[in-house]
Amino acid sequence: MPWVAVLFLVGCDYKSRQSTFDPKGPIAQEQLDLFMVTVWVVCFLFVAVGSVLLYAVIRFREKKTDSPNFKPKQSHGNPVVEMGLIVVSILMLVIIAIPTLQAIWFTHDLPEDESNHLGQWYDGEISEESEEEVLTVYVYGWQWWWSFEYPQLGITTANEFAMPVGKVVNFELRSRDVIHSFWLPKLAGKVDTIPGRINSMWMQGDEVGHYYGQCAEFCGESHAYMLFRADVLSEEDFEAWVVEQKAGAASPDGGEDWSGFKESLASYRKDPAIAEEWDDVFEGAALFYSKGKCNTCHAVGGSGLAMGVLAPDLTHVADRVSLGAGWLDHRAEDEGEIDPELQLENFYRWVRESEKIKPGNLMYEGTGGMTGLKDIELTDDEVRKIAIYLQSLK
Ligand code: HEC
Ligand SMILES: [Cu+2]
């Protein structure tokens, strides 16, 4: 019963998180338009070929009155039909090719419009050179997470990044290991990150919002869990975000002597409620920088002790709404704020059993010669304290 297949379409939701039918930027719109051109051409083909077939089947079917030896008139070739088919086929390819080429150029060429230059809208401090450039983000694909660097603004983050609404942003895409593909369906897609090569694309978000993306090229065991998020923010919110990102986080600033650490934690702290668990934060931090070996792979801005480069930057990990490359969400619902209890539980689970959450992940297995958590023994209570410290990284 082929019509049953139609039921599968019921599962399609035009407005879902990663729907390409709900574009929120010019690139995604261009790609959707191009897709629709092809859909219409193919619909025309379907109807044209289908009706000729149907006509032939009905018109020339065997009739009761036909004698058993009846043979239809034999013919060979028909120049009008043959030429017609060739011309119509070429015409349809041209109809598809013209908008395709236009779309390729459109998505490839960074718009020249000066109003997108950083100097025109960004109030923070940047070099003179950058004033004449559009905002640039370096994207790095790793097994199985993403890092985002803003060279002009001097900030680095992981798995979640921000961009200003209505402004062109230039992306340079690189890989740190295998081929990945960067895909943010409602804004643009997809461009591969390839080892030893820099690919580029531009993007613009036309509506403030939280957008969901993911790796779209099979890249190993946890490929399906290699997600990321983009926040399209108003200009003011974006600038505030940059200021926050530039600030260091709570962390000891190196050396054997940990005195003064509590004070430095306090001066960075935005959420005084955590102060009730003061000792736990402190002990969690101590474990992070010693027994847990977390700092061998991770960086925490403002700390000379944590400058690892093999793993997501944790400077503001507690400000991000998700964990494990967008996989564990700290919000009770899709919209809204971080739920602190859920966040703490997620941090705990991630450190305790990341291998169950993301099979084969390199934090558990170890990477770049660094010991992974499968060989680092931590008690449940130690993990709890580390989770509390992670939650203080804002
Ligand atoms: C061997 C290197 C390594 C060590 C040691 C390590 N990590 Fe990780 N960590 C990673 C990698 C790699 C990822 C990315 C995993 C993924 O999403 O696939 C990660 C991810 C994370 C994340 C999620 C970040 C995000 O934005 O999604 C947190 C939080 C984290 N680690 C905390 C810790 C803590 C706490 C410790 C110490 C107990 C630790 N890590 C030790 C390599 C390491
Ligand atoms: Cu990937």
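Throughout, read-outs are computed from the coordinates displayed, never taken from laboratory work. A quick note: this is a predicted structure, and the numbers were derived from the prediction, not measured. Cβ: placed from backbone, ideal geometry, glycine included. Neighbour counts: every protein chain shown.
Could you work out how much longer the chain between LEU110 and ASP381 gets when fully extended? Use 0.36 nm per residue separation minus the Cα distance between them, nm to one decimal. Write out the running numbers ahead of the final one.
On the way: separation 271, 0.36 × 271 = 97.56 nm, distance 5.17 nm.
Gain on stretching LEU110 to ASP381: 92.4 nm.
Annotation: the antiparallel percentage among DSSP beta bridges lying fully within region 118-245 is about 70.
Here, region 299-338 is characterised by an Rg to Rh ratio of 1.08, where Rg is the alpha-carbon radius of gyration and Rh the Kirkwood radius. Computed from label points 7 Å out along Cα-Cβ, the spacing between TYR55 and ILE86 is 2.2 nm. Put one equal scatterer on each alpha carbon of region 271-394, apply the Debye formula with no solvent term, and list log10 I(q)/I(0) at q = 0.15 1/Å to two decimals. For region 271-394 at q = 0.15 Å⁻¹, log10 I(q)/I(0) is -0.65.
For GLU236 and LYS374 in one chain, what is 0.36 nm times their gap in residues minus the Cα-Cα distance, to one decimal in nm? Walk me through the numbers on the way to the answer.
Details: separation 138, 0.36 × 138 = 49.68 nm, distance 4.32 nm.
That works out to 45.4 nm of additional length.
Quarter the surface of the alpha carbon convex hull of the chain and you get the mean projected area, 28.2 square nanometres. In the chain, helical runs assigned H by DSSP with n ≥ 4 each contribute -39500 (n - 2.57); averaged across all residues and rounded to the nearest 500, the mean residue ellipticity at 222 nm is -11500 deg cm²/dmol. Each of ILE86, TRP202, VAL139 was placed along the dipole of the chain (beta-carbon charges, centred on the mean Cα), and the one lying farthest toward the positive end is ILE86.
Screening the chain for DSSP H helices whose Cα atoms reach 24 Å or more along their own axis and whose mean Kyte hydropathy is at least -0.5 gives 26-59, 79-108.
If we sort 64-71, 28-35, 48-55 on the protection proxy, mean other Cβ atoms within 10 Å, highest first, what's the order? Before the final figure, lay out each step's value.
Numbers: 64-71: 6.5, 28-35: 16.9, 48-55: 10.2.
Highest mean packing first, the order is 28-35, 48-55, 64-71.
Each label point was placed 7 Å from the Cα along the Cα-to-Cβ direction; for GLU337 and LYS64 their separation is 8.1 nm.
Of the trypsin sites (Lys or Arg not before Pro) found in region 301-388, those in coil by DSSP whose Cβ has at most 16 other Cβ atoms within 10 Å are ARG331. Rounded to the nearest 20, the size of the Cβ-charge dipole of the chain about its Cα centre is 2980 debye, with Lys and Arg at +1 and Asp and Glu at -1.
Assuming R0 = 22 Å, what is the FRET efficiency of THR20 and SER200, from their Cβ-Cβ distance, to the nearest 0.05?
Values: r = 21 Å, r/R0 = 0.95.
Computed FRET efficiency for THR20 and SER200 comes out at 0.60.
A dipole drawn for the chain from +1 and -1 charges on Cβ atoms has a positive end, and of GLN18, GLY326, HIS76 the residue lying farthest that way is HIS76.
For the residue pairs LYS190/LYS291; LYS167/LYS394; LYS358/LYS394; LYS15/LYS374, the alpha carbons lie more than 29 Å apart in LYS190/LYS291; LYS15/LYS374.
Can you tell me the length gained on complete extension of the stretch GLN74 to VAL42, counting 0.36 nm per residue apart and subtracting the Cα distance? All intermediate terms of the calculation are to be shown ahead of the outcome.
On the way: separation 32, 0.36 × 32 = 11.52 nm, distance 3.19 nm.
Gain in length upon complete extension: 8.3 nm.
At an R0 of 45 angstrom, the distance between the Cβ atoms of TRP121 and ALA97 translates into a FRET efficiency of 0.75.
Rank by packing, highest mean first: peptides 183-193, 91-101, with packing defined as the count of other Cβ atoms within 10 Å averaged across residues.
Numbers: 183-193: 22.4, 91-101: 12.6.
Packing proxy ranking, top to bottom: 183-193, 91-101.
Using only the Cα atoms of region 118-245, build the gyration tensor, take square roots of its eigenvalues as a ≥ b ≥ c, and label the shape rounded, prolate or oblate: rounded if a/c is under 1.5, else prolate if a/b is larger than b/c, else oblate. It comes out prolate by the Cα gyration axes.
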